[in-house]
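Novice: Sharing a structure, written as structure tokens. Questions coming.
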Amino acid sequence: MIEAVGLTKRYGAKTAVHNLSFQVRPGAVTGFLGPNGSGKSTTMRMILGLDMPTSGHVTIGGHPFRNLPNAPRQVGALLDAKAVHGGRSARLHLLSLAQLAGIPARRVDEVLGVVGLQDVAKRRSKGFSLGMGQRLGIAAALLGDPQVLLFDEPVNGLDPEGILWVRNLMKQLAAEGRTVFVSSHLMSEMALTADHLIVIGRGQLLADMSVQDFISTNSADFARVRTPDTAPEGREKLTAALVEAGGQVLAEPDGALRVTGVPLPRISDLAHDADVRLWELSPHQASLEEAYMRMTQGAVDYRSTVDQRAGLQPADPYGYGPGAPAPQGWAPPAGNPYPALAGERPNPYAQPMPPQAVPQAAPGYPSAPASQGMPPAPAVPPVAPAPPSTPPPGAAPAGPADLTKRDSEDAR
Amino acid sequence: MTAPQPPQQPAYAQAPQPGQPGTPPQQWTGAAAPFVYVSPIPVRRANLADALKSEWTKIRSVRSTLWTLGVTIVLILGIGLLAAGVVSSAENDLGAESSPLTLGFFGVLLSIICVITLGVLTISSEFGTGLIRTTLTACPDRARVLTAKVVVFFLLSFVITLISTTLVAMSDSALLADRWSGEITGAEYFKATVGVSLFVAFLGLIALAVGALLRHSAGAITTMLGVVLLPLVAAMFMFTDSLEGVRKALFEYSVPNLLATFYETGATQASSGPTGWEPLWIVVAAAGVTLGGAYASLLNRDA
């Protein structure tokens, strides 16, 4: 159990963390999210007593870290994979830490085995890849077999197999009743690993809630409705009926309708009553990534500008800015090399991203691929209609696309 | 907290489908976990002895230790024996005033640079790599960490210097036994071996403290070299008579001159300035002050 109360850290004029209060409970993986420079690492260092808070305090199991009776046996941490002396071998690095903490030396070989570094244990860590460094850091965190574990970006530099391993390790550690606090900016990882989320931006708490609450609070789920192009009057009729039923309707550039506030079956009923045929009726739900982007939009410190290449670019006839994303190289339903098996949780990121990433939904394009294998839908009414803002161009669809294969591979 | 659900959940109301195959296989009980993990490994409270063991593992497992101490030994032995060789092949005998022990001075003077480097690196390499954070997570008692470093480094540099200076003192006096008329007393032997080694080791502790204060290897080593060499260099260029007092003080209290005091026999001793064991007390006091600063810095600053 980690408890922060009014945690504030200032470096000169810059406030890194401002009045942060949260709890991290045992038995769950708690994700710690925030844009670069939002104060995640500073908070972790304050939890570990490395940095003194300017005001406020943070305790682990009721004690400040530096007053814990057996700190290394209660708390393990991976702060920085590069925080090793490059000239020291992996084994001696861990041995020195074990000796410092009064841990039996045979534990070193145990954790080396756990992280899979037993074959390179005698090698100097200077030659380690980032992934091997992460494994060494995780080994150091596990050395004391502690009750509370902190990991700062543990999957940076790991290969897909390593990421899967870390994910399962986190879940296993939490299932054993430990407190697991993981910072990451890989949304797909957090969606699959974390049970609970703490989101900060510019050093302030933005959210402290379960993953699914976070998504439903911060996402703009909508239904995509397409009426036959051949009968434009049907579209108006349906729009009127939907607005009458209390929904918000927005026209998309390609003629489809974006409907919020009306459940899917009701849309179908309304269309039937209005005698309008539908070519498409598909649910679109925001991913954790999109929800996160939406929440942290105002709290990003480092934002890139669009490379204009001014004067080199002909005018775009379609009105999309230069930042409009290119079509993704993966076609979700047709050629999915990792089809969802029975009992498989669908990979949230294998679904089309609204709205640009949908590769030109063909007329009659059914909603089946998107909803196949959907988790049970609790009778939750649609969330309060969020403003129809488009996610930052290029940002939301581009990121998770690369992770598709890995995610669907192990969703089991 | 509610039972965990798949992180994705459709916001569209549909009839709940119990037993739907999409239920994830991993069901982690959330914060409601009624138990807290207890490690099967017996918990033992760590103490200073553990920290000393850890420091010994650290200091012996990096090459910079081997290099700096190896060069220390080579410099003390090599230059000491070389000087004796030159003297023994020379025409003239050693004067009655300068004993064969004094020939060890040059090697020790150069080896100071190596010991200073090792002292700085002992702590600043942890700051440079960020390892200090891992170390302080494994042992939140920062004073214990610094104490272990101080003890291990001090003993190591003292023992290495003592072995080298003793070997040089013995072989030099044996080599030049027939070329020197005087008699080496036990006190002189003691000063030229144990005294010199203590002086060098405490000088190394100052370097360690400076490393802890500056947290930067290159900066701390440069600072220490300046402390060792600059007073002497500055004194060399003080030609004005009005600065005579300053010049004399700078010269007499410069590190090379303090070291030379250990080798000088009574006849050659300067009329003023530190004599006998005074240089050791000076360097011990300086080490105490800088180490006090290092403790205060480590305890109060963010790591």
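The values are calculated or read from the model by the stated rules, or taken from the named source; none is laboratory data. Note that this is a predicted model, so its numbers are computed, not measured. Cβ sites come from the backbone with ideal geometry, for glycine too, and all protein chains shown count toward neighbours. To get the accessible areas, we keep the full protein, side chains included, count just its heavy atoms, and leave off ligands, DNA and RNA. Shrake-Rupley method; radii C 1.70, N 1.55, O 1.52, S 1.80 Å.
Novice: Spot the failing condition for B:Thr222; the list is (1) in contact (Cβ under 8 Å) with a residue 12 or more places away in the chain; (2) within 18 Å of the chain's Cα centre (by Cα); (3) within 22 Å of B:Val108 (Cα to Cα), and only one is missed.
Specialist: Among (1) in contact (Cβ under 8 Å) with a residue 12 or more places away in the chain; (2) within 18 Å of the chain's Cα centre (by Cα); (3) within 22 Å of B:Val108 (Cα to Cα), B:Thr222 violates only (1).
Novice: While we're on this one: Do the conditions hold for A:Ser89, that is, is it within 11 Å of another protein chain (Cβ to nearest Cβ) and touching a residue at least 12 places away in the same chain (Cβ under 8 Å)?
Specialist: Numbers: within 11 Å of another protein chain (Cβ to nearest Cβ): yes; touching a residue at least 12 places away in the same chain (Cβ under 8 Å): yes.
Judged against the criteria, A:Ser89 is a match.
Novice: Can you tell me which condition B:Ala303 does not meet? The list is (1) modelled with pLDDT of 90 or more; (2) closer than 27 Å to A:Arg66 by Cβ, and all the others hold.
Specialist: That leaves (1) as the condition not met.
Novice: Would you tally the residues in region A:228-240 being part of a helix (DSSP H, G or I) and either on the phi > 0 side of the Ramachandran plot or open to solvent by 20 Å² or more (accessible area, probe 1.4 Å) (or both)?
Specialist: Residues in region A:228-240 being part of a helix (DSSP H, G or I) and either on the phi > 0 side of the Ramachandran plot or open to solvent by 20 Å² or more (accessible area, probe 1.4 Å) (or both): 7 in total.
Novice: Among the residues of region A:73-85, count how many are facing chain B (nearest Cβ under 7 Å) and either open to solvent by 10 Å² or more (accessible area, probe 1.4 Å) or assigned to a helix (DSSP H, G or I) (or both).
Specialist: Count: 7.
Novice: Still on this structure, please answer the following. Condition check: modelled with pLDDT under 95 and either within 21 Å of A:Gly31 (Cα to Cα) or more than 7 Å from every other protein chain (Cβ to nearest Cβ) (or both). Does A:Leu94 satisfy that?
Specialist: No.
Novice: Would you check which residues across region A:138-153 are open to solvent by 10 Å² or more (accessible area, probe 1.4 Å) and within 22 Å of the chain's Cα centre (by Cα) and list them?
Specialist: Result: A:Asp152, A:Glu153.
Novice: Sticking with this one: Hey, among the residues in region B:123-132 that are open to solvent by 20 Å² or more (accessible area, probe 1.4 Å) and in contact with a helix residue (DSSP H, G or I) (Cβ under 7 Å, 6 or more places away or on another chain), which one's farthest from B:Ile59 (Cα to Cα)?
Specialist: If we take residues in region B:123-132 being open to solvent by 20 Å² or more (accessible area, probe 1.4 Å) and in contact with a helix residue (DSSP H, G or I) (Cβ under 7 Å, 6 or more places away or on another chain), then B:Gly128 is farthest from B:Ile59 (Cα to Cα).
Novice: Now a separate question. Looking only at region A:125-137, which residues are surrounded by 19 or more Cβ atoms within 10 Å (Cβ to Cβ) and outside any helix (DSSP H, G or I)?
Specialist: Within region A:125-137, just A:Phe128 meets the criteria.
Novice: When you scan region B:150-158, do you find a residue that is under 25 Å from A:Gly86 (Cα atoms), open to solvent by less than 20 Å² (accessible area, probe 1.4 Å), of a type outside the set (Lys, Arg) and within 14 Å of chain A (Cβ to nearest Cβ), even just one?
Specialist: yes
Novice: Return a yes/no flag: does region B:63-82 have any residue that is open to solvent by less than 30 Å² (accessible area, probe 1.4 Å), without any contact (Cβ under 8 Å) to a residue 12 or more places away in the chain and at the interface with another protein chain (Cβ under 8 Å from one of its Cβ atoms).
Specialist: So far as region B:63-82 goes, no, none of its residues is open to solvent by less than 30 Å² (accessible area, probe 1.4 Å), without any contact (Cβ under 8 Å) to a residue 12 or more places away in the chain and at the interface with another protein chain (Cβ under 8 Å from one of its Cβ atoms).
Novice: So in region A:98-124, with the set limited to residues that are open to solvent by less than 10 Å² (accessible area, probe 1.4 Å) and part of a helix (DSSP H, G or I), which one is nearest to B:Leu121 (Cα to Cα)?
Specialist: Checking each candidate, the answer is A:Leu100.
Novice: Output the residue which, of all residues in region A:188-227 that are aliphatic (A, V, I, L, M) and part of a loop (DSSP other than H, G, I, E, B), is modelled with the lowest pLDDT.
Specialist: Within region A:188-227, the match that is modelled with the lowest pLDDT is A:Ala220.
Novice: Taking region B:75-110 as the search range and keeping residues that are under 17 Å from B:Glu188 (Cβ atoms) and outside any helix (DSSP H, G or I), which one is modelled with the highest pLDDT?
Specialist: B:Ser99
Novice: Scan region A:195-223 for residues that are more than 8 Å from chain B (Cβ to nearest Cβ), closer than 30 Å to A:Val262 by Cα, open to solvent by 10 Å² or more (accessible area, probe 1.4 Å) and touching a residue at least 24 places away in the same chain (Cβ under 8 Å) and jot them down.
Specialist: A:Leu206, A:Asp208, A:Thr217, A:Asn218, A:Ala220
Novice: Also, I was wondering about something else. Take residues that are out of contact with any His (no Cβ under 8 Å at 6 or more places or on another chain), hydroxyl-bearing (Ser, Thr, Tyr) and open to solvent by 40 Å² or more (accessible area, probe 1.4 Å) and tell me which of the helices (runs of 4 or more DSSP H) falling wholly in region B:175-261 contain 2 or more.
Specialist: Answer list for region B:175-261: B:217-236.
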